[in-house]
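Throughout, read-outs are computed from the coordinates displayed, never taken from laboratory work. Predicted model only: the values in this text are computed from it and were never measured. Here the Cβ positions follow ideal geometry from the backbone for every residue, glycine too, while neighbour counts run over all protein chains shown.
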């Protein structure tokens, strides 16, 4: 009887150890995505808001059909920002330049352009440029979602900016990347409570005082 009880105990411990050794890779196919996040209408103050257009270059956009599909919408967003007096700034990839930005979204001579990796604040003057002009929140659109958009949103929040991300102004090669970035923006430490997900037709101007 004692041997039987001991055998049962050892078997139970083996099962428990096996279960504890499982990783997210083992459970990958069992994970269900959370419900889609709720998009929110946003009213912005042009005096304290900037639009950041990140890496809209031929090398990043043209190979990605989902990125290419964002261009007409981002053009409208750019027109909205300029006509509303919202500050506009751009970024390029490390291999890019202002000349590599797609013609439809070309920066004007007075619009600032930085070159950087995924966080466009790191190693550039973007933070100083924005804060010197009284900017406290940024609207971020860019390619790709899991690169410049996620990296720069994180960098912005860590530097005290509020962040607005229109989900129809960013894309990736894979919809899954866009999905996990949307979740990350709302749930990750430093981002949670500082990022608002919206859609371009849900953006408007705050009433003037």
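Quick notes
- Modelled spin-label separation between residue 192 and residue 58, with each label point placed 7 Å from Cα along the Cα-to-Cβ direction: 4.4 nm.
- Ranked for footprinting exposure by Cβ neighbours inside 10 Å, fewest first, 122, 161, 56 give 122, 161, 56.
- Of [x] 86, 42, 32; [y] 48, 39, 30; [z] 59, 35, 30, the label for Cα extents along the principal axes in Å derived from the coordinates: [x]
- Estimated 222 nm signal from helices in the chain, with DSSP H stretches of n ≥ 4 weighted -39500 (n - 2.57), rounded to 500: -10000 deg cm²/dmol
- Approximate spin-label separation residue 117-residue 79, in nm, with each point projected 7 Å along Cα-to-Cβ: 3.8 nm
- Placing a pseudo-label 7 Å from each Cα along the Cα-to-Cβ vector at residue 129 and residue 158 gives an inter-label distance of 1.9 nm.
- Cβ-to-Cβ counts within 10 Å put 48, 60 in ascending order as 48, 60, the fewest first.
- Extension gain for residue 68-residue 99 works out to 9.4 nm (0.36 nm per residue, less the C-alpha to C-alpha distance).
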